[in-house]
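Bear in mind that the values in this text are calculations on the coordinates, not laboratory data. Here the structure is a predicted model, which is why all the values come from computation and not from measurement. Using ideal geometry, Cβ is built from the backbone for each residue, glycine included, and neighbour counts are taken over all protein chains shown.
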Ligand SMILES: [Fe+2]
Ligand SMILES: [Fe+2]
């Protein structure tokens with residue numbers, strides 16, 4: 001195998017944005033690199049920790065942006081740091097790559113802000129021994145006002161800063177110019193909090209991923225609230241229903257951990273999902289009439305569905321959990337709906353697979369699938385639900401059928417083979 005030129009672009013990628021890819025592409029094209037590796041940091045014990053998304057999501061977002069952006073050939077996600085329990089020092093990563101790819105020529109890509117204090121990094125001499133440093137210069141008009149040859153590296157122009165650093169840490173340093181990118185990852189996180197659209201900076205898929213997982217806007221729930229609701233439900237529900245509720249709560253929490261969704265929120269949705277089951281079906285209808293909760297034809301002919309809509313109402317008005325995601329997930333937990341969000345899917349699946357469930361067809365496979373691919377799992381559950389009702393000559397709710405058709409089409413569009421999981 002002939003020697004390759006490999007560019008390495010490290011960072012927290014919290015989240016990745018198009019500016020990162022602009023750097024990677026410029027390095028690839030200007031220096032004829034065979035590959036550019038995006039290497040997300042793992043454990044990062046510094047002040048930004050609270051806002052640091054799990055490496056799982058940061059890696060998913062890198063893959064999503066790479067899949068959507070044009071001209072990303074030979075730009076590759078490399079997970080070299082995430083599994084480590086130690087602080088990820090660049091010199092260790094570069095040494096590791098050098099040892100494992102001794103023939104290859106390494107280029108370490110670094111932003112101009114970071115190079116200014118490169119001499120203070122841990123073992124910068126190891127980094128320059130094994131790699132050529134490519135300093136990304138923001139080819140910007142915003143450098144106006146920066147002095148040349150000032151005392152602090154902060155105040156120097158980038159060339160003087162490199163000379164200054166090079167004197168302390170000899171090595172090969174080159175400049176790489178790119179059009180500046182207007183947003184940083186922290187700008188993007190702030191925009192999310194203010195509800196601004198970030199899709200221009202991160203692409204549609206990453207933007208959706210962040211929203212679906214509530215990545216930088218997680219909220220938190222008081223433990224007393226959980227205890228309080230549990231006490232009420234234990235009194236109001238039959239014991240078997242209460243045990244089912246606890247099963248759904250814990251399963252929803254487990255799925256949330258797997259898919260990096262806020263665990264408390266998923267557990268709260270699980271805890272409350274059947275809260276209306278404390279009433280009989282007649283009482284539920286009466287309650288709905290009294291509180292102007294409109295019921296559809298199909299809910300009136302299959303009253304076991306009513307507890308979803310009513311549960312959502314009680315969640316907000318009786319249990320004081322005024323959370324639109326939780327209320328929505330409860331509202332759709334019996335039938336599903338097209339375009340379910342991640343919490344909707346977690347609750348729908350948890351309700352079906354929780355530990356007290358028994359004697360359902362292929363339950364083991366569905367449970368396994370739940371931790372592999374939520375969309376495939378939805379199809380399996382929807383299929384089996386429709387088939388079960390068919391066998392008993394009972395009509396499936398139109399929403400269930402619509403959801404089933406929607407997800408079948410969705411999976412096929414994604415290029416996923418579902419022929420083995422549906423008849
Ligand atoms: Fe239910
Ligand atoms: Fe349930």
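The spread of Cα positions in the stretch 279-367, taken along each principal axis and listed from longest to shortest, comes to 43, 28, 24 Å. By the helix-only formula, in which each DSSP H run with n ≥ 4 contributes -39500 (n - 2.57) and the sum is divided by residues, the chain has a 222 nm mean residue ellipticity of -16000 deg cm²/dmol.
Please work out whether the stretch 369-412 counts as rounded, prolate or oblate from its C-alpha gyration tensor, where a ≥ b ≥ c are the square roots of the eigenvalues and a/c under 1.5 means rounded, while otherwise a/b larger than b/c means prolate and anything else oblate? Judged from the Cα gyration tensor, the stretch 369-412 comes out oblate (a/c at least 1.5, b/c at or above a/b). Projected over every direction and averaged, the convex hull enclosing the alpha-carbon atoms of the stretch 168-227 yields 8.5 nm².
Computing Rg and the Kirkwood Rh from the Cα coordinates of the stretch 223-413 gives a ratio, Rg/Rh, of 0.94. Dividing the radius of gyration of the alpha carbons in the stretch 183-293 by their Kirkwood radius gives 1.13 for Rg/Rh. Note on the stretch 235-335: Cα-Cα pairs beyond 22 Å make up 27% of the total pair count. Put simply, the stretch 21-97 fits an ellipsoid with semi-axes of 24, 16, 10 Å; these come from the alpha carbon gyration tensor as the roots of five times its eigenvalues, largest first. Cβ-to-Cβ counts within 10 Å put 165, 202, 386 in ascending order as 386, 165, 202, the fewest first. One equal scatterer on each Cα of the stretch 5-213, no solvent, Debye formula: the resulting log10 I(q)/I(0) at q = 0.19 Å⁻¹ is -1.55.
Could you give the alpha-carbon Rg of the chain over 2.2 N^0.38 Å, rounded to two decimals? For the chain, the normalised Cα radius of gyration is 1.22.
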